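The values are calculated or read from the model by the stated rules, or taken from the named source; none is laboratory data. Treat the numbers as computed from the prediction; the structure is a model and nothing was measured. Because the Cβ atoms are built from the backbone with ideal geometry, glycine has one as well, and the counts that use them run over all protein chains shown. Ligands, DNA and RNA are excluded from the accessible area calculation, which covers all protein heavy atoms including side chains. Shrake-Rupley method; radii C 1.70, N 1.55, O 1.52, S 1.80 Å.
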Amino acid sequence: MAKISKGVRLEHISKIYRDPKTGRDFYAVRDTSLDIEPGTFVTLLGPSGCGKTTTLRMIAGFESPDEGEIFLGEEPINALTPNKRDTAMVFQSYALFPHYNVFDNVAYGLRLRKLPKAEIDERVRRILSLVEMEGMEARMTNQLSGGQQQRIALARALVVEPGVLLFDEPLSNLDAKLRVSMRTEIRRIQQTLGITAIYVTHDQSEAMSISDRIVIMNAGEIAQTGTPMQIYYHPDSAFVADFIGEANFLAAQVMGMENGLCRVSIDGREALVETARAMEVGQACQVVLRPEAILIGDKGLLPCKVELSCFMGSYQNYHVRAGDTLVKIADNCPINKKIYRVGDEAWIGFDKECAHLL
Amino acid sequence: MVAAGAQGKRLDRRKLFGDPIMVSTIAVLLIFLLLFILYPLATLLVDSVFSRETGFTLDVFTRVLSLGRFRTAFTNTLQLGLLTGVFSTVLGLMFAYVDVYMKVRSRVMKKLFDVVSLLPVVSPPFVLSLSMILLFGRSGLITRTLLGIYDSEIYGLKGIVVVQTLTFFPVCYLMLKGLLRNIDPSLEEAARDMGATRWKVFTTVTLPLLLPGLGNAFLVTFIESVADFANPMLIGGSFDTLATTIYLQVTGAYDKVGAAAMAVVLLSLTLVLFLIQKYYLEKRTVATLTGKASRERMLIADRSVTRPLTILCTLFSAFVILMYVSVPFGALFKLWGRNYSLSWVHFEYIFKYGGIRAFRDSFLLSLIAAPITALLSMIISYLVVKKKFRSKALIEFTSMLAMAVPGTVLGVGYIRGYANGIFGTGLLQGLYGTGLILIIVFVVRSLPVGTRSGISALRQIDRSIEESAYDMGANSGRVFMTVTLPLIKDSFFSGLVTTFVRSITAISAIILLVTPKYLLITTQINEFAEKGKFGEACAYATILILIVYGSILLMNLFMKTFGTSKKIREAQKNG
Ligand SMILES: Nc1ncnc2c1ncn2[C@@H]1O[C@H](COP(=O)(O)OP(=O)(O)OP(=O)(O)O)[C@@H](O)[C@H]1O
Ligand SMILES: [Mg+2]
C-alpha cells in the first residue's frame, strides 16, 4: 500500500446525549484521551453502552464531540465532514449497497476519486484477491454468505487506502467458527498493509487475539489501556480484572516490601506477590488471581473445601471455598493430576509472577 | 457539565455548512415552503383582521359571522363531516374485518375488494356525484326508468353523504386492514379460550385495541369530507358547505376579504382535527398495536357469521362498481333518461369544443408537476429521516401541514397572496394566472402524500448503508443520488404516479386560480355538469379515468421490470 497510515489522537473528548425518556443530559463518552500510533491495531473493549460506538463514530465524523479535539495525524479534524476524513469504516451490518454488485461496491470509493478505469479495475482486482474473493465480481451482495459479505465490506474500506480503518463489531453477525477465522484474516491483512486500525468489540477473546493494544472502557471513560498481556495479568482495577477473563479476589494486608516484591498476609498466611505500585505497610489490598494461575493440591498456602468439580475437556473446573471467599480454579490437563471431588479438603497456592496486587 | 452539547452542535452546524449542496437544498426548500404554503395561509389570517385603512380590526369576522349563509354553511359542514366520517369508518371496518378475519372462499370476493379500494384512487374525486345524478336523479335510470319515481330528490345532504361515503370509505378500509393485521391473534384466542363468544371477543378485545385507529380513520375522513369541494358543488343543490360558500364568495359576491375570513374558519377547523389526528391518535394507534402478529390467524369459517357479512360486502361492492360503471355509459348513451341508444355524440362534442386543449393542458401541467413533487418529497423525507439541522422540524411540519389545508383555502390564499404580488408589492405578480402557479398548486397539494410514503420507505433503509458511502468520500448530494434514491426507487415511482394522478384529478384549489388561458379536464367536467350536460361531463370523466388507470398500469409494469424489489427477488431466486 502506497500511503503511510496515520495515527489518531483524542484529546479530552466528550459526547453528551439527551436521554429521550428523562430528558436529562448525560455523558456517553467523558473526557477521553487516547494516542494511537500509526500502524497499530487498537481495540476498544467494554460492556454494552459504555460508549465504544460513540467514540468510533466521532472519529469517523458522524457525531461531533461536545468537548475536546480529535487529530488524524497532526491535523485537527473536528470540523471535517465524514467524506473529507481519511477514515474508512466497516459496519456491523456490513452496509453493502444492495443495488450494486460486488465489483461496484468495492469500486464505489475509487470512482468518487475519479480514478482512471484501468486503475480502478486493477485495484479492485488486487484487493479482492487479498480478501480471497476473486471471481465474485458480478454477484449481487445478497447472493453472498455472511462471511463473504464481511470480506467485501472490508475490501471496500481497504481499497481507498484510508489513513485509519474503523471497525464497529464487524464480526458479531457471524457464527462462532467463522468469527475466529475472520478475525485472523483481518489481523493478517492489517499487518500486511501496516494500516492503523481501531476496532470495537465486546468479545474479549477477539480483543486479546488481534490487538496490539486494548482500551478498556467503562461508563463512557477509559478504565485502562495496555497490551493484551498487561491488561490480563496486570489489571489496574477490579472492574478491568473482572471484565477481562475471570478473576479471583483475595482480601489481604500488606506486611512489607522485599526487593520489589510485596509481602502480604492472606487469612494470616504470608506470601510474596508482584506489584507495580509501592504499597504501605498495614494497607488493606486484594490479590488478583486468574483461575488458571491457582494451583490446587494436597499442600499449599490456604486450606479450602471443594464445592464444585466439573470436567471441561482441556481443564478441570473447581469452585472451592477458602475462608469466606469463593475461588474459581481452572486446572489444566487434568488427566495427569489428582481429581478432587465435591466435599474434599484441599490446599490452594500460586506462583508470585501470576498474582497481582490491587 | 458544559452547556449541553454546545461544541457538538457548533461542529454539526459547521459540518452542515461545509456541505454546500446540502445547505443550498435546505435553503431552496425553506424558501419554497415558506413562499407557497406558509405565506399564503398567513396572508389569509392577516387579510381577515387587518386592513390598510383601519389597521387591526375584527370587522370582517363580525360581518362574516353574522351572515346567515355562512352560519348555515358552518353547521352544514360539521353535520356532513360527522355523517360521512361515521359511515365511512363503519363501512371500512366491516370490509377490513371480513378481509382479515373471515375465511372467504371465492377469489372473486378478494378481487372485488381490490377493485373497490382502487376505484376512488383512479377516478376524479367527484365522479360519483355524476353517477348519483345519472342513477338516482330526476331522470335517473333507477329512480325514474326502473321505479317510475318522478320527484326523486338527491340534491342536498343525503346525496353528498352517500357520495362522500362511497368515495372515502376505501381509505378507511385500507387503514383499518393494516391495523387489524397487526393485532396479535393470541390476544383474541386467549379471550375465546376463557369462554367469550365471538361477538364478545370483538367488543372486548378487537374493538378496544382498534379504538385509536378508528378515531384516526374517522378524523381523516372528516377532514377529507370538510375539505371536499367538488361533490357539494355538483350535488349539493342549495346545501352549501364552507368550501362551496368560500368559492361563491370569491366568484359570485366578489368579496375576497370575506372569503379570506371564511377560509380562516375552515382552515382552523381542519387544522385542529389534523393536529388531534396526527399528534394524539396516530401515536396511540402505534402504541396499542405494536409490531407484527406473532402467528397466522385462525380465520373464521362459521357460516352463520361469514355469510351475512360477505353478502353485505358483496352487495355493497357491486353497488359501488355499478356507480362507477354508469359513468362511461353516461357518456355513450345519446340522451340519458330519454334515449338509451349508443352514440359517440358526446365525445365528438367535447373534442370539437376544446377537448384536445383540455387534455393537453391537464396532461402537460400534471406531467411537469409529478417529477418535481416526487423529487421534492424524497428530498424532504431524506432530510427528515437522515439529517439533523435546526430548521428540520419546520420543514417536516410545513410539508405535512399541506395535508390539513383544504384546496379551497389554499386557492383563496394564493389569490390574496399573489394577485398583487407578495405583500401587495408587485413582486412575483407575474406568477398569478400562469401555468406555473397551477403547477405549484399541484406540487403543494401532493407533497404531504409523497413525503409520508418517502419517510416510511427511508426508515426501512439501514442508516449505515448511507453512512458508509459518506465515509468513503461521497458528499451528501452524491450519497442521495447514488445510494438513497436507487434504494427507494419503488417509492419514488409510485410517488411520481400518485402525484400525477392527484394533479390531473385535482379541482378545489385549481378552480379558483385557473384562467381562460388554460382549460383543464376537471374544471370542464364541473362546468358541463353545472349546465346539466351530463353526457359531456361523463365523456370527460371517462377519458380521465382511462388516463389515470393507464398510468397506474404503466407504473406497475415499470416496477415489475425495473423496480429494486424485482432485482432482489430475482437475485434470491438465482442465489
Ligand atoms: N443518538 C443517541 N441519542 C441518545 N443517546 C445515545 C445515542 N447514541 C447512543 N446513546 C447512548 O450513549 C451510550 C453509549 O452508546 P454506544 O452506542 O456508544 O455504546 P456501545 O459501547 O457501542 O455499546 P454496544 O456494545 O451495546 O454497541 C448508551 O447509553 C446509549 O444509549
Ligand atoms: Mg456499539
Net lengthening on full extension, B:Asn339/B:Phe202 (0.36 nm per residue, minus Cα-Cα): 44.3 nm
Local electrostatic count, A:Arg151, Cβ distance below 9 Å [Lys/Arg +1, Asp/Glu -1]: -2
Chain A: most fluctuating residue of A:Arg126, A:Arg269, A:Arg151 per GNM, C-alpha cutoff 10 Å: A:Arg269
Inter-label distance for B:Val46 and A:Gln230, nm, one decimal - labels placed 7 Å from Cα along Cα-to-Cβ: 6.8 nm
Most mobile listed residue (A:Arg18, A:Arg213, A:Arg290) in chain A, GNM with C-alpha springs under 10 Å: A:Arg18
Rg/Rh (Cα only; Kirkwood hydrodynamic radius) as it applies to the protein assembly as shown: 1.09
Of all DSSP beta bridges in the stretch A:8-241, antiparallel share, percent nearest 5: 55 percent
A:Arg341/A:Ser314 FRET efficiency (R0 30 Å; Cβ-Cβ; nearest 0.05): 0.90
With DNA, RNA and ligands ignored, accessible area of B:Ile422 (1.4 Å probe; Å², nearest 10): 20 Å²
Inter-centroid distance (Cα atoms) of the stretch B:66-83 relative to the stretch B:474-515, Å: 35 Å
Hits among lysines - C-alpha to C-alpha of A:Lys117 under 27 Å, sequence gap 8 or more where chains match: A:Lys3, A:Lys84, B:Lys567
Whole-Å distance, taken between Cα centres, linking the stretch B:520-543 and the stretch B:401-454: 25 Å
Approximate spin-label separation A:Ser205-A:Lys84, in nm, with each point projected 7 Å along Cα-to-Cβ: 4.5 nm
Average beta carbon contacts from partner chains per residue of A:55-65, 10 Å cutoff: 3
Highest to lowest packing among B:39-52, B:548-561, scored as the average C-beta count within 10 Å: B:39-52, B:548-561
Accessible carbon and sulfur surface of the protein assembly as shown relative to its total accessible area, %, 1.4 Å: 60 percent
Restraint check, B:Lys517/B:Lys560; A:Lys177/B:Lys283; B:Lys392/B:Lys489; B:Lys111/B:Lys158, Cα-Cα greater than 32 Å: B:Lys517/B:Lys560; A:Lys177/B:Lys283
Under 17 Å from B:Lys15, Cα to Cα: aspartates and glutamates that are on another chain or at least 8 residues apart: A:Glu63, A:Asp66, A:Glu67, A:Glu69, A:Glu75, A:Asp86, B:Glu466, B:Glu467, B:Asp471
Virtual spin-label span in nm between A:Ile4 and A:Arg18, 7 Å along Cα→Cβ: 4.4 nm
Förster-model FRET efficiency, 51 Å R0, B:Arg10 and B:Phe56, C-beta, rounded to 0.05: 0.80
Of A:Val215, A:Val320, A:Val288, the one that fluctuates the most in a GNM where chain A has Cα springs shorter than 10 Å: A:Val320
Estimated FRET transfer efficiency (B:Met298, B:Val86; beta-carbon r; R0 25 Å; 0.05): 0.25
Most to least accessible of B:Phe329, B:Phe500, B:Phe319 (protein chains only, probe 1.4 Å): B:Phe329, B:Phe319, B:Phe500
Residue mean of other protein chain beta carbons inside 10 Å, B:469-482: 6
Candidate aspartates and glutamates for bridging to A:Lys337, where Cα separation is under 17 Å - those fewer than 8 sequence places away on the same chain excluded: A:Glu292, A:Asp298, A:Glu345
